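K.L.:
There's a structure below that I have some questions on.
Quick note: the coordinates plus some simple rules give every number you see, no bench work behind them. Not measured: the values here are computed from a predicted model. Heads up, the Cβs are rebuilt from the backbone with ideal geometry, glycines too, and the neighbour counts pull from every protein chain shown.
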Amino acid sequence: MTAVWWILTILGILFFPGIGFCISIALFDEWIDRKFYAALQDRIGPEHAGFKGILQPLADFLKLLANEDIEPEAADKWGMRFTAIIGLAIPLVALLFIPIIDTTGLLSFEGDILLLAFLTTMIALIIFLAGWFSASKLAMPGTMRAASQLLSYEIPILLAMFAVALRTQSFSLAGIVQWQLDAHRPTLFSLPMVVFFLVFLLSSQAELERSPFDIPTAETEIVGGWEVEYSGKKLGFFRLSADLQMVFSAGLAVTLFLGGPTGVEMWIPSFADWLASIEGVSGLAVVAILYYTTMFAIKTTIIVLILSAFRALMARLRIEQFLEFSWKWVIPVTLGVFAITFFYVPWTDNVVWSHWEGLFDVS
Amino acid sequence: MVLQKIITWARVKSPWIIHVNTGGCNGCDIEVVDVLTPRYDVERLGILIQGSPRHADVLMVTGPATQQMKDRLKLLHEQTPDPKFVIAIGACACSGGIFRHSYIPCLGIDTVIPVDVYIPGCPPKPEAIIFGVAQLLAKLQGKDSPVITPKKIALKDLKKSIEEGLAK
Amino acid sequence: MPRPGVIVWEALRNVFSKKATIDYPFEEGVKPKYGLRGAHVLYIEECTGCRACQRVCPSLAIEMVPSELTKTKKRPVINLGQCIFCGLCEEACRYDALFLTDYIELSAFQQKEMIIYENEPPKEEISEGNEPKEEDS
Amino acid sequence: MADKKKIKLGSPQTGCSSCIPNTFEIPLGPQHPALKEPTHFLLEVEGEIIVNATPRIGYVHRGIEKLAETKTYSANLTLVERVCGICSHIHSISLANAAEAALALEGFEVPLRAQYIRTIVAELERIHSHILWLGVAAHEIGFDTLFMLSWRDRELTMDLLEDISGNRVNYAMNEIGGSRRDMNQSQIDRMLKYMDITEERMERYKDICINENTIRMRTQDVGILLPQKAKELCACGPTARASGVAIDVRYDDPYSAYGEFRDIFNVITYDTNDVFSRVVVRIIETVEACKYIKWMLKNIPDGPIFKKAPRKVPEAQILSRTEAPRGELIHYLWSNNTNKPYRLKITTPTLSNINTVPEMMKGDYLADSTITLASIDPCFSCEDRMITIVNNDRRKPKIETWSESQLRKYSNDWHAKNKRWKK
């Protein structure tokens, strides 16, 4: 615990793998999302802010920061401010646990997956409070919907996370990434995990409140739901928070199912050895960091593209249809597959199916 | 100074609009929606259409501000955070248009709220709407004001082109 | 057979095909070659000041102002802010002095910028606006 | 007002549970992203289920009928186009038909080619209106891709209309006694080509709307209007036809050139009575409209497009019915041998259809309110032509009944106070 360590950690939290980097990758992913969404609809999307409109989300954010901040008279003003700040802080904290520049996150401990599960629930709670404090007639149904939606996507998302923990026998993200490195394949490459991956993506879509599950913010029904009364800085914070949540969900999916920031070294042992050897070397460590960051960015972008396509290709469901879909289909299926995994894991890890699983290995 | 420049840049690149119909005939509203769709796609200029006035910067107002919508329009204008801009789209919004001489005083929206840009036309083409927004953004950056001057064409040429059009 | 995502292939094809968007302020817009109804152009040398255009205008956007150039010492002034671009004035003009052009990119920052002065803008008179006289009811 | 007393939102309620009403009111409009025009619906909601819906119209009252009495017939044609920007042409056809029917008493006849041109533009307008509606409905249920793609294909029709008439929305094509613009061969060829494309695209959208699961989930069994109710509430146009009531003025009482192809005309009905049924009816009608346009373009007669009509319209009272994209449109014209109408009364399809909306909404989910409202293809600018006089006490609004002398006094006072046309 030297002074250098402290300085590096604080710098890390503020800039490189921490807040600054996360915000920039969030804005980048929003641009990717908007551009791809527009392309699916046969138009070009943001074009004239920076190269191909890459600075568009930044311009939106800065403009919102500079705008007047109107607080309605009937609303709980301190409550609104509080929720906006906490709403931004939660995904930022959660992102510090995601391994980005290394196989371990900036913060990491055994059992951090539980903390992340708690933080995802907190986000929904903050949304509920945000709607409640703004005291608007249109926000009320939005908050009610957000609360009931929370109940139905939270269970599958937790089951999917714990299924991975069960498979890898580890309760920390670093352990999960390390398991995938040792096993020479991402967690996704086995049958039950494909189901959990799909369930995780669907539930993230619901958590992010994006179409077809944008029921709490449905613009054409309840005019943006819970965020209808927010303007200026607070709206900017909420929008940035939504982007960060998107990165967080995509990053968590990458870590749990796609091997985190690792890439080809899973299948090329010599490359992995070389990466391990340069980690201590000060000059070459930058190469490793850049490599891991690039891999992470590519993988999250792929997940964001998938989520974006989801958004474009379906109509919004009604709240009761979503609950029905969730409780009658997703949760029973997830529970069933979870039970299968429970028996499947020891079996495959020991002897019987280990050569069968070789079918899914690429190497 | 630098901060001011950055803020101006952000504002110019991301004008979010809210569309308000104050009792027009729907023609202008269809054209306003039309500029969002693939042919004109104003999202490339950073324009997003918003549902709530609190999220918007630019009010796109169509219609002649009928008696019942006047108060609503004023309310919406107050709900929009500063700095806000108002664009009057179509003849009705500019001056009342064909309804100006009705017994209900439809005299255009500038009798209710201050207007920054007028876009005449009944309804204006989507190109004209985008041009008007572009003029507003140019004004934000401190450029000159437009003055309408129809293209000067020699009378003979004009007549000839009309005859050609008829013969075509 | 109902199934989600029928539109998938069409949407994916859109990603790789050329987009339908016209980058308008930086590119030319879409216009038919003939017959577009845009801003007016007045040829004062042809105009006789017969008031035909004023009488036929449905939205009373045309006002006659004194002028030295025409026979009746009057000439039309058009308020684009009130004009509905129906083209009736163009048809009513027997002397081919008034035309609609294809100049449709119109915008103004003030009311008076929308009033078209032709050749000799008598500013003091036009700033009054073009209200018709009040009729008795 | 009243709702504030019931429940103060934003603060948790204390006290006995019976003090808290289990319904609360949600306003829909006048400014709402789902509505392109101002109207107001007060939805009484219990949880997510609509118990009651009260429409309140009149935001778009502009005094068109009274204004029409001060203008000549040719100016009135452009005025009634501004009743509604989407179905503008059909309004001017209606008025022109009425005036020409009065002139026909003196032996006036409109050239057949003009009738064909009017009908072609009317059908093009129907195509653009229906595709527009499809996009808006898709937007209501949160399916933005369908909205964007259908509006992209609508641009073809808009280009045709702009090419023919010189403006994208208010075409100003009609004149008493004919049409103002002719069509030449190159325009006809282009139209035939574009109609083929539009027809193919609409078949594709039919496929999408019938087969896409989420669209079906959102539209089936939503906003049900039984045929009996539809008849009772005077529904018209696609709303009625989607409930299995086969009424279509184009077939029942042909005007303009519709009589020429009555044998190939199909009245489209569908029998599931819900929003899905209205989607299907409108898409099939668009395909049919393409067919009619192609038939008309192939059989358009030569001849003049315009016959000069006398300025004065002889005294008559004419009721002119036409089929607007939204349903039956009625213009009642009372002419008195001058060049201005003595009285013009317009009854628009949305005014008949709006009464069916509360009936459809009751018992549905809040999320379905906008798609149900959109399913009748509302066009409030068509509809608002009445004014309710309410006493000034804002706390207890009350509708008052005034006698004619009171009204006259009010009007005189009002005009003395507010000088017309002065700012």
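K.L.:
So if we plug the beta-carbon distance of residue A:271 and residue A:179 into 1/(1 + (r/R0)^6) with R0 = 22 Å, what FRET efficiency do we get, rounded to 0.05?
P.N.:
Between residue A:271 and residue A:179 the formula returns 0.70.
K.L.:
Using a 10 Å cut-off around each Cβ of peptide B:3-12, what is the average number of partner chain Cβ atoms that fall inside?
P.N.:
If you average over the peptide's residues, the count of other-chain Cβ atoms is 4.
K.L.:
If the only charges are +1 at each Lys and Arg Cβ and -1 at each Asp and Glu Cβ, what is the size of the charge dipole of the protein assembly as shown around the Cα centre, to the nearest 20 debye?
P.N.:
2740
K.L.:
Can I ask one more? Considering the dipole of segment D:64-382 built from charges on the beta carbon (Lys and Arg +1, Asp and Glu -1) around the Cα centre, which of D:379, D:96, D:267 is farthest to its positive end?
P.N.:
Toward the positive end, the furthest listed residue is D:96.
K.L.:
By how many degrees, between 0 and 90 and to the nearest 10, does the Cα long axis of helix A:331-350 differ from the longest principal axis of chain A?
P.N.:
Roughly 20 degrees, rounded to the nearest 10.
K.L.:
Cα gyration tensor of the protein assembly as shown, axes a ≥ b ≥ c as square roots of the eigenvalues: rounded (a/c below 1.5), prolate (a/b > b/c) or oblate?
P.N.:
prolate
K.L.:
Report, as an integer, the average count of C-beta atoms from other chains found within 10 Å of each Cβ along A:300-308.
P.N.:
So the per-residue partner count for this stretch is 0.
K.L.:
Once you have a ≥ b ≥ c as the square roots of the Cα gyration tensor eigenvalues for segment D:124-267, tell me rounded if a/c is under 1.5, and otherwise prolate or oblate according to whether a/b is larger than b/c.
P.N.:
Values: a/c = 2.11, a/b = 1.28, b/c = 1.66.
Judged from the Cα gyration tensor, segment D:124-267 comes out oblate (a/c at least 1.5, b/c at or above a/b).
K.L.:
Same structure, new question: Taking the number of other C-beta atoms within 10 Å as the exposure measure, put A:262, D:347, A:168 in order starting with the fewest.
P.N.:
Working: A:262 24, D:347 17, A:168 20.
Ascending number of Cβ neighbours within 10 Å: D:347, A:168, A:262.
K.L.:
Please compute the modelled spin-label separation between residue C:51 and residue C:10, points set 7 Å along Cα→Cβ, answer in nm with one decimal.
P.N.:
Each label point is offset 7 Å from its Cα along the Cβ direction, giving 5.8 nm.
K.L.:
Using alpha carbons only, how many degrees (0 to 90, rounded to 10) separate the axis of helix A:56-66 from the longest principal axis of chain A?
P.N.:
50
K.L.:
Now for a different question. Considering only the other residues whose Cβ falls under 14 Å of the Cβ of residue A:257, what net charge follows from Lys and Arg at +1 and Asp and Glu at -1?
P.N.:
Result for the neighbourhood of residue A:257: +3.
K.L.:
Compute the distance from the alpha-carbon center of segment B:8-82 to that of segment A:47-63, in whole Å.
P.N.:
20
K.L.:
Just check segment D:54-165 against the gyration tensor rule for me: Cα atoms, a ≥ b ≥ c as the square roots of the eigenvalues, rounded for a/c under 1.5, and otherwise prolate or oblate depending on whether a/b exceeds b/c.
P.N.:
oblate
K.L.:
Which angle from 0 to 90°, rounded to the nearest 10, does the C-alpha axis of helix A:269-278 make with the longest principal axis of chain A?
P.N.:
Roughly 70 degrees, rounded to the nearest 10.
K.L.:
Need one value for B:14-24: mean number of C-beta atoms belonging to other chains within 10 Å of its residues' C-beta atoms.
P.N.:
Working: counts 12, 2, 4, 0, 2, 3, 3, 11, 6, 11, 8.
That works out to 6 on average.
K.L.:
What whole-number distance in Å separates the alpha-carbon centres of segment A:68-119 and segment D:299-339?
P.N.:
So the two Cα centres are separated by 67 Å.
K.L.:
Strictly over 24 Å apart at the Cα level, which of B:5/B:84; C:19/D:294; B:5/B:139 would you flag in this model?
P.N.:
Violating the 24 Å limit, Cα to Cα: C:19/D:294.
K.L.:
Quick one: net charge around residue A:60, please, counting Lys, Arg +1 and Asp, Glu -1 for every other residue with C-beta under 11 Å from its C-beta.
P.N.:
Counting the neighbours of residue A:60, the net charge comes to +2.
K.L.:
Please name whichever of D:344, A:260, D:304 sits farthest to the positive end of the charge dipole of the protein assembly as shown, dipole taken about the Cα centre and charges placed at Cβ: Lys and Arg +1, Asp and Glu -1.
P.N.:
D:344
K.L.:
Separate question: Write out the trypsin sites (Lys or Arg not before Pro) in segment C:25-55 meeting two conditions: DSSP loop, and at most 11 other Cβ atoms within 10 Å of their Cβ.
P.N.:
Working: sites: C:33, C:37, C:51, C:55; in loops: C:33, C:37, C:51.
The qualifying sites are C:33.
K.L.:
For the charge dipole of the protein assembly as shown, defined by +1 on Lys and Arg C-beta atoms and -1 on Asp and Glu C-beta atoms about the Cα centroid, which residue among A:310, D:160, C:77 has the Cα displaced farthest towards the positive pole?
P.N.:
Among A:310, D:160, C:77, the one farthest towards the positive end of the dipole of the protein assembly as shown is C:77.
K.L.:
Given charges of +1 on the Cβ of Lys and Arg and -1 on the Cβ of Asp and Glu, with all other atoms neutral, how large is the dipole of segment C:1-86 about its Cα centre, in debye to the nearest 20?
P.N.:
280
K.L.:
Still on this structure, I have one more. Find how many whole Å separate the alpha carbon centroid of segment D:89-157 from the alpha carbon centroid of segment A:280-345.
P.N.:
48
K.L.:
Measure up D:71/D:345; A:234/B:13; A:52/C:18; A:63/A:234 against 18 Å on the Cα-Cα distance and list the ones that go over. Mind showing how you got there, number by number?
P.N.:
Numbers: D:71/D:345 15 Å; A:234/B:13 20 Å; A:52/C:18 16 Å; A:63/A:234 12 Å.
Pairs exceeding the cut-off: A:234/B:13.
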